[in-house]
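Here the structure is laid out as structure tokens; the discussion comes afterwards.
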Amino acid sequence: MNFKKIIPFAILGLSGLFLGACLVHEHNEPKEKLIVRSTYELLQSFHYSPQALDDNYSQRIFDLYIKSLDYNKMYFTKDQIDMLSSYKTKIDDEIRASSLDFFNLSIELIEKQLQRIQQLYPVFLEKPFDYTQSETINLNSEKKDYCKNQEELEDYWRRYIKYQVLSEIIDIENEQKKKAEKSDTVTIKTAEEIEKIARENILKRYDTRFKRINKISRNDRFSSFVNAAAGAFDPHTNYFPPTEKEDFDISMSGKLEGIGATLSEKDGYIKVVEIMPGSPSWKQGELKAEDIILKVAQGDKEPVEIIDMRLDEAVRLIRGPKGTKVVLTVKKIDGSIVTIPIIRDVIVLEEKYAKSTVITTKDKKAYKIGYIYLPQFYTDMNDSRGRRCSKDIANEVTKLKEANVDGIIIDLRNNGGGSLNDVVEIGGLFIDKGPIVQVKSMREPARAYNDTDGKTLYDGPLAIMVNTFSASASEILAAAMQDYKRAIIIGTESTYGKGTVQRIVDIDRMVSNEYRSQMPLGAVKITIQKFYRINGGTTQFQGVKPDIILPDLYDKLDIGEKELDYPLPWSEIKAAPYQTWNAQPNYKELAKMSAARTKKDSSFILIKEAAQWLYDTKNETSVSLEINQFRKKDETDQQLSKKYKNAGTKDVPFEIVGLQTTSKENATLDSVANKRAEDWYKTIKQDVTLYESYQILSDYIRMQKK
């Protein structure tokens, strides 16, 4: 097939994978074979790193597809995996021969296993388990193998259902305790009553879950198979089956009307990818990136489990009119289960825009530091006169200069990216001229994006804050300022490491008219370009390593591009010509001074403890199913979760200066703006990482003046 040239996106960012519902209802193998073949050929023609149709590519598809079918290793036995593994190096041959034997066998086996499990769980839940028996279960899918045979699998399911019932018993007991503490009229249920209710709840939950699983069609499975063929190129390359417009819009935008969260569906779980600044979720404050949503309740109604639910269906449960309450049951990254009530509302757009203030302390020798918060690199694609972050940042820098600040901190923590053109212009505010980033396509030489105005808006001391969730455009800006030695980059061990650009292509538009009868075929999101620093190294995979590293809650967890399946590797091209900044910081001395402070600081000590606890919790391989041990572990987890909940936040001696005066003519609007400002200032005054960044930049200013 001959494909047309495609044009890259101007927008880059950290985004989730969004899958919609396939609208091809009939079993149409010729169409399926056409989709597989044309998807591969399209990817091979335009992907930044083409994959040869060979055994290595076949193994990648196999691993990704099996993971999508049975991520937790709870359905297939080792014997069945061995049977499927006979195709591990043959899927490439099947693509050439337009064969679907492997796919058909996988469907046959998974359907049989699901039917067997569906017959098992009601039997397990007919009567109480022996909760005094000393036995364990391994819930860590990465650290367990498939069960050897059907008998072993059935025993695993018995223990898994028992674990679910135990969890429900503890939840009911804890809820009863809370109610009893608030009221003397609460009827206390006996242990037998609680146990019976717990089994009934789990039975209802699994009935609902398997009703949902039984609706998974061949078309849904096929979409997962083609997605595995796409994902074998890199984790940001995906296949989108034909979808209804509403679901397609959800897939592309990731915006959930009502709460303002970007979600992704993977391996049967709905995960939070990003919280939109200014949204109800952002204002409520408890829902975070990496959280897994387990249940959704409308107000005070019974929650609905959304495990194994398609993303579009979960979205419909979460969305809703302004003013209504949705309650999410969420599994946090530390393994704890919490309920988060969120009042749906219109997103406050102002909160996604750049804003600044001046921070200092009561110390007479303290410096005035300008603080700029940029939650995303926004631009209005539909209005050339609309708001752009580059213009807003320039305005904030100008205001801070007029306030005679001694230095500026730009906060890019949790900033997932955005407009490429704007990040180039922002970088240009702090240098006179020169390259900011290099962009390279597969068959074309690298192109440098340059600041060419020959002007420097701000030439004073500069620091940039980043963390694990700073991605794409954030990494470009941090990398450029680091290469120029223009700023002190402060943050976690590294940023996210997404240094690629994607383009969505409609397959129908790329294949010849002879296949019109088989259309629609779907769309493919393809990685077509890679970002490179001006020093020649890419931001891909490794991210940006800060000049000064501060302790962080997620230090020990596997988060970032390098932890995804088959990410494009770090690579290097020729450096662009550039000159480093004259007044370079003494990074080694600044890092030494910072380390001396954080080593003694109780807040950073607590952060380190919390990071270790998160790591240990995530890597647990054995959970006791003896009820007293189970209760003891739950109590310990709750205590530690409470202890570490606010790690990284405490009152710090910041003074906020330069507040705007309320206008009597526009009191209503100003009162709303002032309330938002007060909330922001409260956050600033509890941000220990920002306070340490302030001290680092103050050290630099002090050293400059000697």
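What follows draws every value from the coordinates through simple rules; no lab data is involved. What you see is a predicted model, and the numbers here were worked out from it, not measured in a lab. A quick note on method: Cβ atoms are made from the backbone with ideal geometry, for glycine too, and the neighbour counts reach across all protein chains shown.
Structural remarks
- Extension gain, Ser622 back to Asp63 (0.36 nm per residue minus Cα-Cα distance, nm): 198.7 nm
- Pairwise FRET efficiency - Asn72 versus Ile188, Cβ, R0 = 51 Å, nearest 0.05: 0.90
- Stretchable slack from Glu635 to Arg316, in nm (0.36 nm times residue separation minus alpha-carbon distance): 111.3 nm
- Label-point separation, Ser602 to Glu563 (7 Å along Cα→Cβ), nm: 3.0
- Karplus-derived 3J(HN,Hα), 6.51/-1.76/1.60, for each residue of the stretch 589-598, Hz, glycine and proline x: 5, 5, 5, 5, 5, 5, 4, 4, 6, 5
- Three-way shape call for the stretch 512-644 based on the alpha-carbon gyration tensor, with the a/c threshold at 1.5: oblate
- Just so you know, the Rg over Rh for the stretch 502-559 is 1.29, from Cα atoms, with Rh as the Kirkwood radius.
- Listed residue (Ile534, Ile559, Val501) projecting farthest to the positive dipole end of the stretch 501-633, Cβ model: Ile534
- Lys-Lys pairs in the stretch 259-343 that are eight or more residues apart or on separate chains and whose Cα atoms lie under 22 Å of each other come to 26.
- Taking every Cα-Cα distance in the stretch 448-586 and sorting them into 5 Å bins starting at zero, the pair-distance distribution P(r) comes out as 2, 9, 16, 17, 15, 13, 9, 7, 5, 3, 3, 1, 0, 0 percent.
- Share of Cα-Cα pairs in the stretch 305-372 lying beyond 20 Å, as whole percent: 59
- Debye, to nearest 20: dipole size of the chain, +1 on Lys, Arg Cβ, -1 on Asp, Glu Cβ: 1760
- Computed log10 I(q)/I(0) for the stretch 51-232 at 0.13, 0.17 Å⁻¹: -0.77, -1.09, from the Debye equation with unit scatterers placed on every C-alpha and solvent omitted.
- For the stretch 259-343, the relative contact order works out to 28 percent when only alpha carbon pairs closer than 8 Å and six or more residues apart are counted.
- Here the label points at Lys592 and Thr324, each 7 Å from Cα along the C-beta direction, are separated by 6.2 nm in the simple model.
- Under 5 Å from the amide H of Thr500 lie the amide H atoms of Phe531, each residue being 5 or more positions distant or on a separate chain, with H modelled from the backbone and absent for Pro and chain starts.
- Mean Cβ neighbour count within 10 Å, used as a protection proxy, ranking 36-48, 504-516 highest first: 36-48, 504-516
- Over the chain, relative contact order from alpha-carbon pairs under 8 Å, at least 6 apart, %: 15
- Peptide ranges 635-645, 480-490 listed from the most packed, as the mean C-beta count within 10 angstrom indicates: 480-490, 635-645
- Given their separation in residues at 0.36 nm each and the Cα-Cα distance between them, Glu302 and Glu572 gain 91.8 nm when the chain is fully extended.
- Placing pseudo-labels 7 Å out from each Cα toward the beta carbon at Asn140 and Lys642 gives an inter-label distance of 2.7 nm.
- Placed amide H near Glu135: partners under 5 Å, 5+ positions off or other chain: Leu625, Glu626
- Shape parameters for the stretch 553-706, alpha-carbon atoms, Rg then Dmax in Å: 22.8, 67
- Overall dimensions of the stretch 32-130 by Cα: Rg and Dmax, Å: 17.4, 59
- The simple Förster model, with R0 at 45 Å and r as the Cβ-Cβ distance, assigns Lys650 and Asn214 a FRET efficiency of 0.35.
- Remark on the stretch 259-343: ratio of C-alpha radius of gyration to 2.2 N^0.38 Å is 0.97.
- Where only DSSP H runs of four or more residues are counted, the chain gives -13000 deg cm²/dmol as its mean residue ellipticity at 222 nm, each run worth -39500 (n - 2.57).
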